[in-house]
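The values are calculated or read from the model by the stated rules, or taken from the named source; none is laboratory data. From a predicted model like this one, the values you see are computed outputs, not experimental measurements. All Cβ positions, glycine included, derive from the backbone under ideal geometry; neighbour counts span all protein chains shown. The protein model used for the area step is the full one, side chains on, heavy atoms only, and it has no ligands, DNA or RNA in it. Shrake-Rupley method; radii C 1.70, N 1.55, O 1.52, S 1.80 Å.
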Amino acid sequence: MTKPNVFNAALLVAAVMLLAVSAFALSVPDDCRVCVPVKGGVVFDQNSPYAEYSWKYPVSWELPFVIVMKGEREGVLYYSPDRLRYASLTLVHSPGRFDLDLGYCPFTEKPFTGAWQDGAALYADIYRRSLPAAIPAHPYWTNKIKMAVFDFGAPMTAYEALAKDVKPETVLIYYPDWRTYPYDVNYPDYTMSERAKERISRLKAMGFRIMLHTNIFGVGYGNPLYKRFSKYQLKNRVTGAPDAWTLCEDPIGYMNAAEKEWQDFFVGTLKDIYAKYKPDAVYLDQAYYIDPDNDPGDCVLTKGTEALLQKIRRELPGLALGGEGANGVVAPYLKFCALIPLGINHASHYGDMRLISSAAPVTALGLGKTDRYMWHNSIPWLTEQYGSFMAFYDTQPAYPAISMEPGVDMESAPARYSVKLAVAENTGIETHDGVKIRTINGRPASLWSHIKDPVYEGKRLQKDVYYYIDGTLWPEGAFSRPLYLSEQPKRLGIRTSDGVLKLKACEGYNGGEGFGNSAVIPDGCSFLAQLPYDPSDNGPKGEIVMEFRAVMPRGARMFSAVFDFGAPGLAEKSDGFEVRVSAARSGVALEKSAYCRGRTPFAMDLARFVGRDVTLTITISPGKTTDYDFIRIDTPVIGGCAGG
């Protein structure tokens with residue numbers, strides 16, 4: 001594949017080669033942008049990591065199209081017109097170029113003039129025409145929902161507090177652990193526990209809407225019904241291995257949704273749940289999981305899954321549907337699609353902020369949906385990773401979400417942020433299809449302008465968000481202020497044991513060869529940090545480095561912060577970590593260190609730098625091991641005196 005010297009729509013189309021396996025192979029310069037509907041949407045550009053990415057539609061590639069842009073107003077849409085056919089996409093970014101291979105089915109190219117959103121709108125029109133003529137509407141109440149709550153056992157007092165802030169009828173509570181059996185154990189037994197009956201009764205009495213968890217394909221190996229349905233279990237077409245979710249107490253076998261016996265059984269089960277427990281909605285876990293590698297024939301699973309969803313909507317019109325994922329097969333039937341957004345590594349539970357700046361609502365605009373997504377925050381403490389939390393709302397049309405745990409703090413920044421978004425009178429700017437994004441401080445939190453206006457893909461200042469959330473905590477002109485508000489970090493990255501700083505960035509970092517589990521993430525006025533380590537060797541492998549360029553306000557004499565572990569119970573398991581703080585200007589340098597085995601207040605006298613620029617560096621190093629070294633740097637502040 002050769003690199004085109006000049007880009008225009010006609011040359012790009014001419015450069016596409018039709019291969020023997022009905023695939024397109026394409027090479028373009030990396031000053032182009034490549035817009036892909038994966039994890040809600042990613043825009044790859046020159047700043048994207050050099051790497052190879054592979055996706056399959058519909059299991060990981062949410063819609064079978066890709067847009068290649070040169071500048072703001074010239075692009076080509078490549079798409080498969082058949083949303084029930086499998087497709088594959090491989091994208092390789094190497095110095096100076098992007099190489100793309102699109103396979104499994106024929107693709108069509110369509111040049112256009114306009115922003116990438118115009119290209120997504122072109123696909124949305126094609127997609128709409130491919131949908132069945134009549135899809136039953138969801139119940140009327142679903143259009144009133146403004147917030148999603150993931151219930152993990154929070155006390156009822158937390159819901160009483162929430163009900164004072166928002167209208168309960170605008171809140172959908174997703175309840176995953178409502179059965180007599182533990183979560184993900186013994187499907188398809190959907191007997192409600194006595195605890196859940198009492199809890200749901202109280203929540204409904206307050207006016208909240210309830211969505212119960214189910215698994216659309218799942219039968220537990222330990223359930224007596226597994227023997228009956230195992231003949232329908234999906235198998236890998238190459239290895240013959242049965243398909244199952246094994247990362248749980250009771251492995252879950254995945255059944256073929258196209259089998260009439262399974263369809264009749266599952267719909268009957270939902271009817272039983274609806275009649276006995278009167279939920280407002282059910283959540284179909286694994287709904288997105290349609291893997292071409294497991295298909296026993298010619299698109300049997302895409303057609304079968306759609307047939308099952310049609311049957312549910314037709315026979316249970318009063319029951320709203322939510323589900324995991326948003327792809328071209330299932331999205332038309334799910335009112336509440338739960339999206340795993342770019343920037344969150346669901347497998348490792350760590351926030352990956354490298355590509356957050358590349359996130360864009362490609363999938364939403366390609367679907368042409370006016371509905372919003374739920375945030376798939378199934379990991380309870382993930383909401384406290386505030387950088388990832390806000391980034392999702394910055395880049396997707398999404399319901400504000402709170403993860404309600406036993407120790408939930410309704411005054412925490414994520415909770416207050418969600419509440420403020422949910423009750424905001426002005427819900428923000430409109431896109432070409434009527435999707436609205438909320439406002440911050442009464443101003444649009446713009447990620448893109450109206451479809452006919454020049455595109456704006458910048459990110460709003462974090463400062464606006466933090467002032468909005470914390471109110472008068474950090475008022476304009478106060479001399480005590482968080483470093484993160486004073487100025488973006490000049491340098492933030494991972495320094496490995498060989499002394500090399502792996503990355504310079506202003507927001508967050510996750511990765512580096514052999515260091516894929518390290519991260520630094522803004523969390524409100526604080527930071528969360530996971531020290532880097534090599535999973536194959538638990539010896540000390542690196543340290544976190546954060547460098548700020550700050551102006552010492554008049555009257556400011558001290559740097560202060562509190563260093564602690566980022567989650568309960570870690571202090572007892574970790575061997576601690578070392579903190580070193582240095583301040584330097586024009587050859588004058590100060591340094592202070594502390595070894596932390598738990599919550600450690602830290603203060604450093606900076607009087608000699610008053611009124612001057614100073615470079616402040618915070619370095620965190622592990623003890624003998626990096627085990628359990630997930631660290632919170634709480635409110636680093638330059639202020640008047642220690643503690644203030």
Residue check for Tyr187: assigned to a loop (DSSP other than H, G, I, E, B), hydroxyl-bearing (Ser, Thr, Tyr) and open to solvent by 20 Å² or more (accessible area, probe 1.4 Å):
no
Of the numbered conditions (1) at pLDDT 85 or above; (2) over 32 Å from the mean Cα position of the chain (by Cα); (3) of a type in the set (Val, Ile, Thr), Val588 fails exactly one; give the number of that condition.
(1)
Per the filter on region 98-122, residues buried (at least 17 other Cβ atoms within 10 Å of the Cβ) and part of a loop (DSSP other than H, G, I, E, B) are Tyr104, Cys105, Phe107, Gly114, Ala115
Unique match (being over 30 Å from Asp264 (Cβ atoms) and acidic (Asp, Glu)) among Asp189, Asp184, Asp118, Asp177
Asp118
From Leu308, Leu301, Leu270, which residue is open to solvent by less than 20 Å² (accessible area, probe 1.4 Å) and touching a strand residue (DSSP E or B) at 6+ places or on another chain (Cβ under 7 Å)?
Leu270
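Residues are listed down the side, and each one gets a yes or a no for (1) in a strand (DSSP E or B); (2) acidic (Asp, Glu); (3) modelled with pLDDT of 90 or more:
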| residue | (1), (2), (3) |
| --- | --- |
| Val59 | no, no, yes |
| Val68 | yes, no, yes |
| His93 | yes, no, no |
| Ala124 | no, no, yes |
Taking region 59-68 as the search range and keeping residues that are touching a helix residue (DSSP H, G or I) at 6+ places or on another chain (Cβ under 8 Å) and crowded, with 23+ Cβ neighbours inside 10 Å, which one is farthest from Ser130 (Cα to Cα)?
Val68
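Yes/no matrix, rows are residues, columns are (1) surrounded by fewer than 18 Cβ atoms within 10 Å (Cβ to Cβ); (2) touching a residue at least 24 places away in the same chain (Cβ under 8 Å); (3) among the small types (Gly, Ala, Ser):
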site	(1), (2), (3)
Ala134	yes, no, yes
Trp141	yes, yes, no
Ile145	no, yes, no
Asp151	no, yes, no
Asp165	yes, yes, no
Thr170	yes, yes, no
Tyr174	no, yes, no
Asp177	yes, yes, no
Thr191	yes, no, no
Considering only residues that are open to solvent by 30 Å² or more (accessible area, probe 1.4 Å), part of a loop (DSSP other than H, G, I, E, B) and of a type in the set (Gly, Ala, Ser), which ones fall in region 273-298?
Gly297
Exception for Leu308 within (1) within 18 Å of Pro58 (Cβ to Cβ); (2) assigned to a loop (DSSP other than H, G, I, E, B) falls at (2)
